[in-house]
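The values are calculated or read from the model by the stated rules, or taken from the named source; none is laboratory data. Because the structure is a prediction, the values reported are computed rather than measured. In this analysis, Cβ positions are derived from the backbone assuming ideal geometry, glycine residues included, and neighbour counts consider all displayed protein chains. These accessible areas exclude ligands, DNA and RNA; they are computed on the full protein's heavy atoms, side chains included. Shrake-Rupley method; radii C 1.70, N 1.55, O 1.52, S 1.80 Å.
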Amino acid sequence: MHQAVISGTGLYTPAYSISNEELVESFNTYVRAFNADHAEAIARGETDALSESSVAFIEKASGIKSRFVVDKAGILDPRRMMPRIPERSNDEWGILCEMAVAAAKDALQRAGRSAADIDGVIVACSNLQRAYPAVAIEVQAALGIHGFGFDMNVACSSATFGLQVAANAVQLGQARAVLVVDPEICTAHLNFRDRDSHFIFGDAATALIVERADLATSSRQFEILGTKLLTQFSNNIRNNFGFLNRAADADGLAADKLFVQEGRKVFKDVCPMVAELIAAHLHETGLAVSDVQRYWLHQANLNMNLLIVRKLLGRDAEPHEAPVILDTYANTSSAGSVIALHKYQDDLPSGAVGVLSSFGAGYSIGSVILRKR
């Protein structure tokens, strides 16, 4: 068995950002137009009037202040309210591939590696643009990597689940190094006309290089001390879009074909599950909660993260203990916890222990315990 390390992280951030103020202006313009167009039906009680959103509501509910997106104009157009992403020909690299390659190049540079050093590619994300060929094989071709590639989807936990698969391959000698990439265009499956969720998501891509410790030369290495995964079925976060929609004569643009969640139920269910899983994982690894200097948590909701760490520590966390990036990135699904790791790692001393954790639809929860070398 080989020891596996994360030797490099990478990040691709889209060029455009949308503030809460901009998003609220677009949403409220849509609401006012809808209520005016349906005024008679609303007066007769046949249609419910829509309520406006506000910056204060968004920040209190989520802690999000802005988000990066691949397209701004389409989202903010009250007549469209979705990103405009032109279809590319089969001879062009797809947009997910393009984002993944940008993040991968960053990770390779930080790891001091080239494509020739990588034996496998895993694209792990919640929003794959097609069924086949695998986006991972496309990324493999774009980077010139020999070996294997495959896609996997465990919603917001895809990165940590993909990380365990990569670590297993390295530990068992199936690969010298594996590239795990998490390209997420979450705005494409977000209902920007739903007041309760129109502000949640942003777009980004992250990458991780997982390789054998005895081959790693990077100055940014984290030893993978252990991984622990958990899934439990729930309908509280769901997206019904899929290829069977056409066979059911279903409306592919219906609300349930986009992101749908029961936010309060998710909060109540998931927070204790995550805290319990991390605590149990630390205990199984021979570590105490007090041994952990940093928690890189899934960046979905600030209140969830504060509660999870409070349950673990028995007190409120200091900002450096559980860094937040969702205020500027929003929820980027599987990429969120890796963005936090990418941005908040260099200040840790050698020997410092951290926990990378994701949680989301499924329910799915991943815990990865890391120690800086």
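Data overview
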read-out	value
Highest average packing first - 303-314, 54-65, Cβ atoms within 10 Å	303-314, 54-65
Candidates per trypsin sites (Lys or Arg not before Pro) in the range 75-178, loop by DSSP, up to 12 other Cβ within 10 Å	Arg79, Arg84, Arg130
Mean accessible surface per residue for the range 1-135, computed with a 1.4 Å probe while every protein chain stays in place, in Å²	51 Å²
Long-range Cα-Cα pairs in the range 282-373 (distance over 15 Å), rounded percent	58 percent
Angle between the chain longest axis and helix 95-111 axis [Cα atoms, degrees, rounded to 10]	30 degrees
For the range 358-373 versus the range 302-334, the gap between their alpha-carbon centres in whole angstrom	14 Å
Residue-normalised accessible area of the range 280-373, expressed per residue, 1.4 Å probe, Å²	34 Å²
Probe 1.4 Å, all protein chains present, accessible-area order of Glu276, Glu87, largest first	Glu87, Glu276
Largest to smallest principal axis extent of the C-alpha atoms in the range 164-278, angstrom	53, 33, 26
Heavy-atom accessible surface of the range 215-348: percent carbon and sulfur, 1.4 Å	52 percent
Tyr30, Tyr363, Tyr132, reordered so the largest accessible area comes first (probe 1.4 Å)	Tyr132, Tyr30, Tyr363
Length-normalised contact order for the chain - Cα pairs under 8 Å, 6+ apart - percent	23 percent
Stokes-Einstein D for the range 91-187, Kirkwood Rh over Cα pairs, 37 °C, 0.692 mPa s (µm²/s)	249 µm²/s
Where N is the number of residues in the range 1-135, Cα Rg divided by 2.2 N^0.38 Å	1.50
C-alpha center-to-center spacing [the range 89-120, the range 187-232] in angstrom	16 Å
³J(HN,Hα) computed for each position of the range 67-73 - Karplus, 6.51 cos²θ - 1.76 cosθ + 1.60, integer Hz, glycine/proline x	8, 8, 9, 7, 9, 9, 4
Percent carbon-and-sulfur accessible area, the range 64-209, ignoring ligands, DNA and RNA, probe 1.4 Å	51 percent
Degrees between helix 263-284 axis and first principal axis of the chain (Cα, 0 to 90, nearest 10)	10 degrees
Fraction of beta bridges assigned by DSSP in the chain that are antiparallel (%, nearest 5)	70 percent
Computed [θ] at 222 nm, helices only, for the chain once each DSSP H run of length n ≥ 4 contributes -39500 (n - 2.57)	-10000 deg cm²/dmol
Cβ-defined net charge surrounding Gly354, 12 Å radius [Lys, Arg +1; Asp, Glu -1]	-1
For volume of the Cα convex hull per residue in Å³, calculated from these coordinates, the label among (1) 142; (2) 130; (3) 186	(1)
In degrees, nearest ten, helix 302-313 long axis to first principal axis of the chain (Cα)	40 degrees
Accessible-area order (highest first, 1.4 angstrom probe) of the listed residues Asp37, Asp269	Asp37, Asp269
Radius ratio Rg over Rh of the range 241-289, counting only Cα atoms, Kirkwood formula for Rh	1.34
